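Presented below is the structure to which this report refers.
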Amino acid sequence: MKCNVGGIDRILRMVVGLVLIGLAATGTVGVWGWIGAIPVATGLFKFCPAYPLLGISTCATGSSSGSCCK
């Protein structure tokens, strides 16, 4: 699995996912809010299965750190 989720994308995924999970846990949005587990997981693993299909990668290719997987 090659990493394809960069820094800002990763943070946004995790924040949105945790907000959805929190809203679902409090009953504000209903059961569908538990779908927030998916963006949290893709942020943690730094891999989004939809990105290769769409030819997208948010990893910085020209950065001094090299790869977003480090």
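The values are calculated or read from the model by the stated rules, or taken from the named source; none is laboratory data. Just so we're clear, the structure is a prediction, and the values are computed from it rather than from any experiment. Neighbour counts run over all protein chains shown; Cβ positions are idealised from the backbone, glycine included.
Numbers for the structure displayed
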item	result
Those residues of the range 46-55 which are exposed (fewer than 13 other Cβ atoms within 10 Å of the Cβ) and on the phi < 0 side of the Ramachandran plot, in sequence order	P49, A50, L53, L54
Selection count where residues are closer than 20 Å to A60 by Cα and either of a type in the set (S, T, N, Q) or at pLDDT below 95 (or both), scope the range 30-42	1
Set T61, T26: member being surrounded by fewer than 13 Cβ atoms within 10 Å (Cβ to Cβ) and either among the aromatic types (F, W, Y) or modelled with pLDDT of 95 or more (or both)	T26
Any hit, the range 15-29, residues being touching a residue at least 24 places away in the same chain (Cβ under 8 Å) and either within 22 Å of C59 (Cα to Cα) or in a loop (DSSP other than H, G, I, E, B) (or both)	yes
